[in-house]
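Below is one structure; the comments refer to it alone.
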Amino acid sequence: MPTVTEILETMDYGPAPEATAEVDKWLRAHGPFGHFIDGAFVPGSEYFAVYNPASGTELAQVAQGSDTDVQAAVAAARAALPGWSALPGHDRARWLYAIARGIQKRERFFAVLETLDNGKTIRETRDIDVPLVARHFYHHAGWAEMLAEEFPGHRPVGVCGQIIPWNFPLLMLAWKIAPALAAGNTVVLKPAEYTPLTALAFAEMLAEIGLPKGVVNIVTGDGATGAALVAADVDKIAFTGSTEVGRIIRRATAGTGKKLTLELGGKSPFIVCADADLDAAVEGVVDAIWFNQGQICCAGSRILVQESVETAFTAKLKARLAKLRVGDPLDKSTDMGAIVDPVQLARIRDLVAQGEAEGATLHQAQCALPQTGSFFAPGFFTNVAPANIVAQEEIFGPVATLTTFRTPDEAVELANNTRYGLAGSVWSENINLALDLASQVKAGVLWINCTNVFDAGAGFGGYRESGFGREGGREGMLAYLSDPAVAVRQETAPIPPDTAPHPDAPAIATGIDRTAKLYIGGAQKRPDSGYSYAVVAGGHTLGLAGLGNRKDIRNAVEAAHAAKGWGKATGHNRAQVLYFLAENLAQREAEFARRLAEAGVPDAAEEVAVSIRRAFYYAAQADKFDGAVHSTKTANVTLAMPEPFGVMGIASPADAPLLGFLSLVLPAIAMGNRVVAVPSQNMPLAATDLYQVFETSDLPGGVVNIVTGARDELAKTLAQHDDVVALWYSGPSARMVEEESAGNLKSTWIVANRNWLGSEGQGRGFLLRATQIKNIWVPYGE
Amino acid sequence: MATTKAAPHGNERNPGVVLQTDWFEQVAVNTQAAERRAATLTTRRTVKKEWQAAWLVNAIRCIDLTTLSGDDTPHRVERLCAKARQPLAPHILEGLGLERLHTGAVCVYPTMVPAAVRALKGTSIPVASVATGFPAGLMPLPLRLAEIRYAVDEGAEEIDIVITRAHVLNGDWQALYDEVAQMREACGAAHLKAILATGDLKTLRNVYKASMVAMQAGADFIKTSTGKEGVNATLPVSLVMVRALRDYRDRTGFRIGFKPAGGMRSAKDAIAWQILMKEELGNAWLQPDLFRLGASSMLGDIERQLEHHLTGRYAASSRHALA
């Protein structure tokens, strides 16, 4: 050890390792770890080793969960469900409170174990992960307490299969388990194979506090165990991890009715405007991509800097990079610890090498790395072409890209030039500019003048291929609750389109021929196919409708995208259009009722009357269904804003040809979406008759686009379309729709056919599914 | 005076530059971000064992041991000077393997300068004097300048001046610049430490702007507080000031010193501010020519901690000499 005199020369920090004796003792006291099923640890059949990534030494042997293990865990959760879900909210709140307390009483134990298992620094586990874990359980103890009052009519989903990643092992466990338990669900959780130890310690803590057995079950293992859990008899799958695996899960659960939430990858923009506090923004980069070794789905990995400050910013960033300390994660003066596993390290190295080979310039910290363990020196790329692999792919390591922009518009364009949409941050001292950018970046979480700030009170989750569903806050609770029950009605079977000429067509009988074309971009268009099909009811042909095909869908989606103004219009503007639509429909009420009656629609007059009321209802909601300001940090306005998806697809039920169609289209457009809607296959004329109503109601062209034809075929094209963000489908082919939607991981809603005349045909549930919540964090203080 | 980029060698004194408001008028300082950075400085870095002892010793080298009370007397000042000459009990000094150690300076009111100079005779410890109508500074400028000359004449080698806060609050940069420049001139060879009284300036933007003007006007050090404001040295304010002096160095090449003062009482504070200097600036700013801690009771806590380091027993201040 150097002397005081020697240290006075260097003024080094010296070593400051956190002690591990207590955790070592715990690890030694355990033989191989089994699974935690039905309140007890049960041995596995096979085991694998878990390593400390900072040293490469083995920490423990952990069981590889088999199908049988998973089924046993699911059975335990299923058995525990009735008792747990029947508990009064207050009783569940007591359990969640006990868990929160249990975490706090062992905060250092969990922090040290997490650092050993994951390689992240003790500063982060001690100051960030573990406190957030406790906060999450406290917060959700509150939701359990208030559940009946805050979510009337909602029910727990049931048994939830939860699969979590290795980057925040205990925190992701908390994000999954806390809301699930609060809502009355039971859980089977599979931690990541690299980092299962804190979950196992957590299970021991649950046993210690005496949580009813079977409420939480933990099965360890790799992807095969995860796949078994996805396939098991669960009611919901919640997954956090890669977009690639998210897609597999989307396909695997398609059509099963399992509720699904996915929190996936990201390539989040980090926008530094010329008027930003550049030193603050540099620290932001440290908290973004040089945090947790860059292994963060929401990391600000694409730094976008305004050209005029690029030189100054880059110089500051390089100076800051040189100060980072990489090494022993247990040392209290370490900024960056170890990459979770040699496999990940190799992946980072490959991507970084490829980025350099493709012409980007790497600026890397010139720090000495430990001789053993998985370490990677942090850095950033400049001269990154948008096509460079490192600009497109999630590196999941401590390397950002830095590119410049000239104007705010260009910043938005660059920011949104990605498949992902998890998070973003904006650095500007101009509140107008900052909020403008935050509103335009397509992502679920936007941080202004801060980054990677989390709180249980705010929702977290992505847009686009970053997944769907939220974790945290009120919106997160909805992911673990089922909508109030709806009586499902068997749909009248769709009649296959018949394009042959029908001699009994009454076209001329009514005087002048009525031609129902498609409605695209506010104009009536002939179907690309050149075919029409007969609309038949009661053995009579009522008329002909265009037989839409893929290209018509393509054109309609383009038209919908062009109608951008609708999403930016005020709720009041949209309300006016919807009221006007109701007015104009009312003028023709008798005619619509007659046409529906001719088509053999039961309760035709009521269907039109309810349609008018429904337009009033969504006009009323257009400027009232709004967001919240979440209670999170001090001096922080956390805005939870429902935003429209953008372009949605809608496939309508065969029944209630007017009301079923409007019940889906109206809430979607009330929230600012533009839709491509496929009306009732059997009676599309109810929708095509609306063209003139739309036009006289000042509905801008392209907001509602209608393509008639074979519903499932058109729905498939919509599901596959990468520029359609969400799809509502009413019909029997849920599996097809969900499978095909995996391409861009669009949000899907399988809308049960129901009594559209009743109250279940409208409500906030429709609006919730027509929007996605963006949380904007706005810290303040001068 | 230099206009823009000078090329100083070593620790050449800052001659100042002409007032250049474009260096600071558009400055962006985000308060919460500064607070976040300040709060995590000490959670990202720590020193233990020998390193902690060494860092505490270093803090002593940088302390401006201070008494600025209405009841100061020459005897009181002599006692303070004795402590400055021998800040640690001999057995602690020996236990740490050090031959000699003294504080960075002694800081007193102008009328106490003669007593301090006498008491420090034969040492290399400079006497610092506050001046310019300390602490409020609301005296006619000629009197304030005369006060500087008086203290320098009495042997003060460092002058801790206070600025007119109104100039900052009103954005009257020329007036602030002129005032500090004249004070610098009055200091002659004595070093000028500009006390910004950041607790009165309120916003971090004001702190940055006042820092930059003081440096442009030729300050050798910028200092947070008099110790008499409602809020004295804080880490966020210090962060903004050290960033300002870093920017000044980047523009001119001149290195300016930093002195937090007031409100820092513990050994923990001594470590925290040193971490700030090392992280934001580097080791050069851990030396007494560029870093001072304006404190009085902090030394006692450091002495207790160092004794604990040596003996493993928690120490009692009654066993250490008073300042």
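The values are calculated or read from the model by the stated rules, or taken from the named source; none is laboratory data. Predicted model, so just to flag it, every value in this text is computed and none were measured. Cβ placement follows ideal geometry from the backbone for every residue including glycine, while neighbour counts extend to all protein chains displayed.
Points to keep in mind about this one:
- The set of residues in the stretch A:257-289 that are within 30 Å of A:Leu481 (Cα to Cα), of a type in the set (A, V, I, L, M) and touching a Phe, Trp or Tyr at 6+ places or on another chain (Cβ under 6 Å) contains only A:Leu262.
- Residue selected from the stretch A:1-29 under the condition of a type in the set (Gly, Ala, Ser) and loosely packed, with under 14 Cβ neighbours inside 10 Å, by the criterion nearest to B:Glu279 (Cα to Cα): A:Ala19
- Note on the stretch B:139-194: residues that are of a type in the set (Asp, Glu) and out of contact with any Pro (no Cβ under 8 Å at 6 or more places or on another chain) amount to 6.
- Residue that is at negative phi, away from chain B (no Cβ under 14 Å), more than 18 Å from the chain's Cα centre (by Cα) and not in a loop (DSSP other than H, G, I, E, B), where the choices are A:Phe239, A:Phe202: A:Phe202
- Residue match in the stretch A:137-160 (condition: within 14 Å of another protein chain (Cβ to nearest Cβ) and not aromatic (Phe, Trp, Tyr)): no
- Residue, farthest from the other protein chains (Cβ to nearest Cβ), within the stretch B:44-66, restricted to residues that are β-branched (Val, Ile, Thr) and crowded, with 22+ Cβ neighbours inside 10 Å: B:Thr66
- Of all residues in the stretch A:636-647, at least one satisfies being assigned to a loop (DSSP other than H, G, I, E, B) and out of contact with any helix residue (DSSP H, G or I) (no Cβ under 6 Å at 6 or more places or on another chain).
- Qualifying residue in the stretch A:590-612 (condition: surrounded by 24 or more Cβ atoms within 10 Å (Cβ to Cβ) and either polar (S, T, N, Q) or more than 28 Å from A:Asp513 (Cβ to Cβ) (or both)): yes
One line per residue, one yes/no per condition, for (1) within 14 Å of chain B (Cβ to nearest Cβ); (2) buried (at least 24 other Cβ atoms within 10 Å of the Cβ); (3) outside any loop (DSSP other than H, G, I, E, B); (4) in contact with a strand residue (DSSP E or B) (Cβ under 8 Å, 6 or more places away or on another chain):
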site	(1), (2), (3), (4)
A:His363	no, no, yes, yes
A:Gln366	no, no, no, no
A:Leu369	no, no, no, yes
A:Ala387	no, no, no, no
A:Thr404	no, no, yes, yes
A:Asp409	no, no, yes, no
A:Arg419	no, no, no, no
A:Ser425	yes, yes, yes, yes
A:Asn432	no, no, yes, no
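- Hey, A:Gly300 buried (at least 24 other Cβ atoms within 10 Å of the Cβ), closer than 20 Å to A:Val384 by Cα and over 14 Å from the mean Cα position of the chain (by Cα) or not: yes
- For B:Leu88, the criteria (1) touching a Leu at 6+ places or on another chain (Cβ under 9 Å); (2) within 14 Å of chain A (Cβ to nearest Cβ); (3) part of a helix (DSSP H, G or I) hold in every case but one, which is (3).
- Search result, residues across the stretch B:18-40 that are outside any helix (DSSP H, G or I), over 12 Å from A:Asn449 (Cβ atoms) and of a type outside the set (Phe, Trp, Tyr): B:Val18, B:Leu19, B:Gln20, B:Glu25, B:Gln26, B:Val27
- Elements of type helices (runs of 4 or more DSSP H) contained in the stretch B:195-303, each with 2 or more residues being at pLDDT 95 or above, of a type in the set (S, T, N, Q) and under 16 Å from the mean Cα position of the chain (by Cα): none
- Residue match in the stretch A:126-137 (condition: at pLDDT 95 or above, surrounded by fewer than 23 Cβ atoms within 10 Å (Cβ to Cβ) and among the aromatic types (Phe, Trp, Tyr)): no
- In the stretch B:67-82, the condition of being within 21 Å of the chain's Cα centre (by Cα), closer than 30 Å to A:Glu9 by Cα, at pLDDT 95 or above and facing chain A (nearest Cβ under 8 Å) is met by no residue.
- Residues that are closer than 28 Å to A:Ser374 by Cβ and within 14 Å of chain B (Cβ to nearest Cβ), drawn from the stretch A:1-52: A:Asp12, A:Tyr13, A:Gly14, A:Pro15, A:Ala16, A:Pro17, A:Glu18, A:Ala19
- Cβ pairs under 7 Å, 6+ apart, first in the stretch B:187-215 and closer than 20 Å to B:Val108 by Cα, second at pLDDT 95 or above and polar (S, T, N, Q): B:Ile195/B:Ser225; B:Ile195/B:Thr226; B:Leu196/B:Ser211; B:Leu196/B:Thr224; B:Ala197/B:Ser225; B:Ala197/B:Thr226
- Residues that are small (Gly, Ala, Ser) and farther than 24 Å from A:Leu116 by Cα were ranked within the stretch A:343-364; the one that is nearest to the chain's Cα centre (by Cα) is A:Gly355.
- Test: B:Lys202 is over 17 Å from B:Pro126 (Cβ atoms), within 14 Å of chain A (Cβ to nearest Cβ) and buried (at least 24 other Cβ atoms within 10 Å of the Cβ): no
- Among residues of the stretch B:274-313, those that are acidic (Asp, Glu) and surrounded by fewer than 19 Cβ atoms within 10 Å (Cβ to Cβ), counted: 2
- Test result for B:Arg36, within 14 Å of chain A (Cβ to nearest Cβ), under 30 Å from A:Arg325 (Cβ atoms), crowded, with 22+ Cβ neighbours inside 10 Å and not polar (S, T, N, Q): no
- Every listed requirement among (1) farther than 21 Å from A:Asp409 by Cα; (2) outside any loop (DSSP other than H, G, I, E, B) is met by A:Gly265 save one, (2).
- Test: B:Glu99 is without any contact (Cβ under 8 Å) to a residue 40 or more places away in the chain, surrounded by fewer than 16 Cβ atoms within 10 Å (Cβ to Cβ), in a loop (DSSP other than H, G, I, E, B) and within 14 Å of chain A (Cβ to nearest Cβ): yes
- Sole exception among (1) out of contact with any helix residue (DSSP H, G or I) (no Cβ under 7 Å at 6 or more places or on another chain); (2) outside any helix (DSSP H, G or I); (3) over 18 Å from A:Pro196 (Cα atoms) for A:Gly221, by number: (3)
- Being touching a residue at least 12 places away in the same chain (Cβ under 8 Å), more than 18 Å from A:Gln295 (Cβ to Cβ) and in contact with a Ser or Thr (Cβ under 9 Å, 6 or more places away or on another chain) is a property that A:Val390 lacks.
- Those strands (runs of 3 or more DSSP E) lying entirely in the stretch A:515-618 with at least 1 residues without any contact (Cβ under 8 Å) to a residue 40 or more places away in the chain, closer than 27 Å to A:Pro496 by Cα and touching a strand residue (DSSP E or B) at 6+ places or on another chain (Cβ under 8 Å): A:523-525, A:532-537, A:540-546
- Which numbered condition A:Ser759 misses (of (1) over 24 Å from A:Ala609 (Cα atoms); (2) free of Cβ contacts under 8 Å to residues at least 60 places away in the same chain; (3) among the hydroxyl-bearing types (Ser, Thr, Tyr)): (1)
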